[in-house]
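Laboratory data are not the source of any read-out in this text; all were calculated from the coordinates shown. Source: prediction; values computed, not measured. Methodologically, a virtual Cβ is constructed for each residue, glycine included, from the backbone with ideal geometry; neighbour enumeration extends over all protein chains shown.
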Amino acid sequence: MKTSRTSGLRITKAGAVYVGVTLLLGFAAVNTGNNLLFLVVSALLAFMALSGVFGWRNIRGLHAVVAFPDELYAGRECFVTLRLENRKRYLPSFLLDLTLTSGGSASFFMIPRNGRETEILPLTLPRRGAQTLPWARVSSPFPVNFFVRWTGIPVDGRCIVFPQPLPWDMADTEGDRRWGVGDNLRRKGGDGELLTISDYTGGEPLKLIHWRLSARSQGLKVKELSAPAEEPVMVDPLLLPGGLEEQLSRAAWLINRLMGHRQLPVGLRLGERVIAPGESRRHRLRLLTALGCYDPA
Amino acid sequence: MIRLDLVLLLMALAVSLVGFIPLFPWLGTVPKLFLPGAMLVRLFTQRHGYRLDHRFVTVGSVAMFIFYLLRFSLADIVGPAVNLLVMLLGVRFLGEGSARNYLQLFLLALFCLAASSLYSLDPLFMLYLGLQVIIFPIALVLLTCHDRDPSAILVPARFRSLLSIPLVMLAFSVPLLLFFFIILPRTQVPLWNFLAGSASKTTGFSETVRPGSNATVGESKSVVFRAECVRLSPGELYWRGITLNRFDGAVWSRREPPAGERFAPGKGRVVTQQFILEPVSPRYLVALDKPGQLSGQRGVISAPDFTLSRRTPSGGRSAYRVDSVVTPMTRGRLGSEREFYLQLPERIPPWFREQGRVLRERGGSDGERLTGVETLFRGEHLLYATTGLPVSGEPLVEFLTKNKRGNCEFFASSCALLLRLAGVPARLVGGYLGGEYNQLGGYYVVTGEQAHVWVEAYLEGTGWVRVDPTRWAVNGGDLGRGAGRGAFRSFLLAADTITYFWNRQVITYDLERQMELFTETGRRLQGTRLPAPKRFLTFMLPAAMLVFLWWGVLLLRRRPSREARLIKAFMAELRRLYGVEASPDAGLRELTAGIDSPDPARFVEIHNGALYRDRPLLPEEMRELRGILRRMKKGER
């Protein structure tokens, strides 16, 4: 895990001009001995020094918190809520650009002192398992666009990434109840009547996002549709075709398919660990978490 | 709602005016009209949403640049440059409202203000600089936001927050500006001084005296120098500049005094003067008659006839300190040099020749001959005047015999010539007489109209003696008394104090004073001693205890309760181990419901048990909670 939080700055074209002008006037002042020019140069230098200090303070005292959706799949883009907190007691922060190490960026015009601002940004995490976003890079040209300063800031961002669901044809597995086979599996489901509106968790297909309601509220909202209940099924990923990652991906797809579309009670056998069948959403997330965190060693 | 682009335009107008106004008197007619015109055009186009073709602006800029480039010459570099600056500033107003354009505009305005310092060293500069120091940071901060979003509109609260940053910067910038001003490196002499030429026109005493060249003597009321010293009686205020020792019949001028001449000031009190000298004479410095030790200026030669001169002529304003012995006399003896001060011109008017012969034949000591000259002058009932002066071929004769009106040059020239003809060595001294004392600043202000010439006569056995023949005029008693008092006069003097301190602290700050300051600071730092232990304990200890107590009370007041601290630590561990975030909507039980570990559940059970019974945690409960936290901190899930 990379934990480097170094800082740096980059001079802009306007900054180079400003430095050049200051040097030119300084040269003129020294050579003519004109104290009024010295005053102008002193003012320019004082302003440059202060803009450096205030620019440095502008990106200090910041803390980022990333709130992930409940369902986060490897390699699949989802929307995360990024909350940037300004923990400075006296100074607001302005014109902040924040980039997460895992990709994704957001801009904030102003965060008041002891305040926070929220942005929603798309994010894709490539690997399954428990993950932490170690730090983010925050940069800003404030207070004057002569230097762009940046630094790494801590991020609260722990999540468990589920395996990327891999759709597969279940025709040749028919009759085997260990991984959930039967005629009922090939019937379509999960697109019945609208039951309720709930928060977007990251796992729902985009077509289920209720865009109109999302626009009115803080986060994304999705439609939950009804589906008929069915018999319990046990899934054993290690019996599915392919290598380990492929098996886990197929199992993730299968669990979502069985529980999400058909609302079948599903259990999981993962090596020595057995999770009894259940049909709640919390249960489905528990199964996916077990798949995401599975380590054969 | 506040539109950033509009605020930025107003800032640009303000910053440009602050650069333009101090430069205005020295601009050509076209730039004088062009910039305000361009500002009005910009306001009009902004209001009605018109946009000028940027090609027109570019072509205009290039054309102006070429036009003024052709007018550059070694004799006048600054003139075309400032005109070009103002024209380019005007062109920027006609350009687009991009961040780049605005930045160029701000820098050009700054250059205009800087260029004005080449023409005038007036204290008003500080006002303009102060305004730019205020506007500049605000404008640049807004420009940075404008660069991010050119059409940004801010609510007033946000705008106020945004403004708070440059205003705080401003508060810090003043001491920092002074710090940089003090430490920025100075050179002993300017390396290329052609730029400073415009601001250093000299006004003051001439290095020759030519009575009869004009019927009227111009009296400049402009300040020549300011000298900080104790208050003196009017009769002591003879400010010595140059000693003139050669007369060719029409003009008194200066030659190097004879090598063997050695004189010391006579008895008198020592008065230290701190001078701020306007660009009076490129070579000669003034000081109370008779000047001694001089400091604050390098390369100054003190001649045996008490003339202070610079080795290298300088046209700038200068500051120096002189210790003078205030006395009209010198001690010493003229030997073979006596002849040098008796030299006569080839052509001497017969009237003077005759008067000289009479005085010489009358005999007596040098002092008696001097009295004879005084008697002659007083007998003629001469009038001190600056108008209606004789301008004939023999102005001195006309002055003494017909016209009877003359300024100090007539009195001094005639007197010195008569003394030489009578066999008394004599010379002229050019300088200033009188001065107005500013009580507020503790200094004398001396203006051009107070320029004066007097005579020094050598009396055997005494030395050189100051003789002011102008005082022998019928109206000579008022000489050097200065202007009358009055409310307006007092106000002018008070206002002059600002100029004096501006010149003293800013304009004349140079390498010499910088070195003095550094040396003094170093000396003080080395000599710093801690206060005596007893005093330290008496005053510092109670103060330190009070601060410590206050700090302790603050800490206790801020410190959260035992339970709150435990919950905080517990939440931190939940976040670290399980990624559970605290939420105002969820209680501890909801937050830990999905966690597959007994410890968090037990923690919540104990905590809530106490909370719902409205009692503090029992000691054994506290111990168990701490145990759970310890296990969680070790990473046990």
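Summary of computed values
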quantity: Structure-based [θ]222 nm, chain A - -39500 (n - 2.57) summed over DSSP H runs of at least 4, per residue, nearest 500; calculated: -8500 deg cm²/dmol
quantity: Cut-off 12 Å between beta-carbons: net charge of the residues surrounding B:L10, Lys and Arg +1, Asp and Glu -1; calculated: +1
quantity: Separation of alpha-carbon centers, the range B:552-611 and the range B:1-38, rounded to whole Å; calculated: 61
quantity: Distance from the range A:5-39 to the range B:60-97 (C-alpha centre basis), Å; calculated: 22
quantity: Residue exposure sequence - B:M169, B:M11 - by fewest surrounding Cβ within 10 Å; calculated: B:M11, B:M169
quantity: Cβ-based net charge around B:L419, under 9 Å, with every Lys or Arg adding one and every Asp or Glu removing one; calculated: +1
quantity: Full-stretch length increase - B:R298, B:E96 - with 0.36 nm per residue and alpha-carbon distance subtracted; calculated: 67.5 nm
quantity: Rel. contact order, % - alpha carbon contacts under 8 angstrom, at least six apart, the range A:1-161; calculated: 29
quantity: Cα-centre dipole for chain B with unit charges at Cβ (Lys and Arg positive, Asp and Glu negative), debye to 20; calculated: 1700
quantity: Positive minus negative residues near B:L35 (Lys, Arg vs Asp, Glu; Cβ under 12 Å); calculated: +3
quantity: Cβ-Cβ FRET estimate between B:F72 and B:E339, R0 fixed at 51 Å, reported to 0.05; calculated: 0.40
quantity: Within chain B, helix-based [θ] at 222 nm, where runs of 4 or more DSSP H residues each add -39,500 (n - 2.57), nearest 500; calculated: -15000 deg cm²/dmol
quantity: Additional length obtainable on full extension of the chain from B:L517 to B:A610, 0.36 nm per residue less Cα span; calculated: 26.5 nm
quantity: Likely footprinting exposure, A:H210, B:H452, B:H54, fewest C-beta neighbours within 10 Å first; calculated: B:H54, A:H210, B:H452
quantity: Per DSSP, loop trypsin sites (Lys or Arg not before Pro) in the range B:295-349 with at most 11 further Cβ within 10 Å; calculated: B:R311, B:R347
quantity: Sequence-distant residues sharing a close amide H with B:V224 (under 5 Å, placed H); calculated: B:V446, B:T447, B:G448
quantity: Chymotrypsin sites (Phe, Trp or Tyr not before Pro) restricted to the range A:98-151 and DSSP loop, no more than 10 other C-beta within 10 Å; calculated: none
quantity: Exercise: per-residue mean of other protein chain Cβ atoms within 10 Å, B:348-360; calculated: 0
quantity: Potential lengthening between B:F491 and B:L555 on full extension [0.36 nm per residue; Cα-Cα distance subtracted]; calculated: 17.5 nm
quantity: Karplus 3J(HN,Hα) series, Hz, for the range B:493-502 with 6.51 cos²θ - 1.76 cosθ + 1.60 (x for Gly, Pro); calculated: 5, 5, 5, 5, 4, 4, 4, 4, 5, 4
quantity: Order of B:T592, A:T12 under a 10 Å beta carbon neighbour criterion, fewest first; calculated: A:T12, B:T592
